[in-house]
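Colleague: Can you keep this structure in mind? I'll have questions shortly.
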Amino acid sequence: PVPPSPPSPPAPPPAGGGGTTRLHLDMSDAINLLVHVAPDGPPTRIPVGGTTGAWQGSPSPRIPPTGAHVSGMAILPTHGAVWHVFSPADTDTLRKVLPTLLPPGALLPSSFLLDASVYLDARLLHNLEAVSGVRPYVILQGVGDAVLLPAGCAHQVCNIRSCVKVATDFVSPDHVAHVCRLAADRRLLPPTHGRKTDVLGYETLLFNAACAAAHALGDGGLRG
C-alpha cells in the first residue's frame, strides 16, 4: 500500500494572532516566576505567533525542534515562554503606529493596550521596527527564571511549552507615576467597559503607604 503523505507544514499565523497573552499594559509592577515546564510530548496545534517563526515547519508548532532559537538565543528543553517587553517610552508610539500596520479591514479599538486586543507576530514586530525604530526586549524564560515587569511596560507572552508560572503584583515607589497615568487612562473608558474598574485601588494603596511611612518616621500618622 502507498504510505500516507506527511502532513503539510502549518501556515504562519495571521498578523495580530497567536500568542498566549496578547500585548497589554498592567497598572502595577509584577514579577512572574516559571516553576515548571512540561516535557515535550505529542504534537499540540497551538500557534507560536511571534517567537521567531523558525519552527513553523516542525511536526508540532507548539514544541520547537532541536536547534530552534529566538533572537539568537537557543531554545532548551527547560524553556517555557518567550516574552516581548517594551519600554514605557514606547507606549505612545505603539498606540499611534500599530493600527496602521494591521492588514486591511483589521480594526483596533483605541484602548487596545488595555484590552489585550493584538499579539505582535514576527511580521508585525519587523514592520514596527522598520517604521518607527521601536523594538522590544526579548526574554526567553526557563524554569527558575523570574521576569520583573515594571508598571507601564507593554508586554506580550507566548508559551512554547505547557508550563506553570507564579506571579504577584506590587507597586514600587519608582513607578507610582505610571500607575497614576494608567488609572487615568482607565477612567476614560466607556462605563460598560470591562477594564474601567480600578481593581488595584491605587489611591487607597498610596494613602496607606503614606500613613505607614509617616508612622515609621515617628510621626505617629498623618497630621492635617
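Colleague: Per residue, how much accessible surface does region 71-188 expose to a 1.4 Å probe? Answer in Å², no decimals. Provide the component values of the computation, followed by the final result.
Modeller: Working: 5610 Å² over 118 residues.
Per-residue value: 48 Å².
Colleague: Just grab the label-to-label distance for residue 172 and residue 203, each label 7 Å out from Cα along the Cβ direction, in nm (one decimal).
Modeller: Rounded to a tenth, the inter-label distance reads 2.7 nm.
Colleague: Quick one: 3J(HN,Hα) in Hz for region 204-209, Karplus 6.51/-1.76/1.60 with θ = phi - 60°, rounded, Gly and Pro as x.
Modeller: Whole-Hz 3J(HN,Hα) from phi for region 204-209: 5, 4, 5, 4, 5, 5.
Colleague: Please list 3J(HN,Hα) in residue order for region 97-111, calculated via the Karplus relation 6.51 cos²θ - 1.76 cosθ + 1.60 where θ = phi - 60°; whole Hz, with x for glycine and proline.
Modeller: Once θ is set to phi - 60°, the couplings for region 97-111 become 8, 4, x, 7, 9, 6, x, x, x, 7, 10, 10, x, 4, 9 Hz.
Colleague: While we're looking at this one, here's another question. Taking 1 over the mean of 1/r across every pair of different Cα atoms in region 121-181, what Kirkwood radius in Å do you get?
Modeller: Values: mean 1/r = 0.0698 Å⁻¹.
Its Kirkwood hydrodynamic radius stands at 14.3 Å.
Colleague: Further question: With label points built 7 Å along Cα→Cβ from the Cα atoms of residue 129 and residue 73, find their separation and express it in nm.
Modeller: For residue 129 paired with residue 73, the spin-label model returns 1.4 nm.
Colleague: Considering only protein heavy atoms and a 1.4 Å probe, what is the carbon-and-sulfur percentage of the accessible area of region 61-146?
Modeller: Values: 2340 of 4120 Å².
C and S fraction of accessible area: 57 percent.
Colleague: Could you give me D for region 148-196, from Stokes-Einstein at 25 °C and 0.890 mPa s, where the hydrodynamic radius is the Kirkwood radius over C-alpha pairs? Units µm² s⁻¹, please. Walk me through the numbers before you get to the answer.
Modeller: On the way: Rh = 13.4 Å.
My calculation gives 183 µm²/s for D.
Colleague: Counting only residues 5 or more places away or on other chains, whose amide H sits under 5 Å from the amide H of residue 172 once H atoms are built in the peptide plane?
Modeller: Counting only residues 5 or more places away or on other chains, the set is 29.
The values are calculated or read from the model by the stated rules, or taken from the named source; none is laboratory data. These numbers come from a predicted model, not from an experiment. Virtual Cβ from ideal backbone geometry, glycine too; neighbours counted across all protein chains shown. Accessible surface areas use protein heavy atoms only, side chains included; no ligands, DNA or RNA. Shrake-Rupley method; radii C 1.70, N 1.55, O 1.52, S 1.80 Å.
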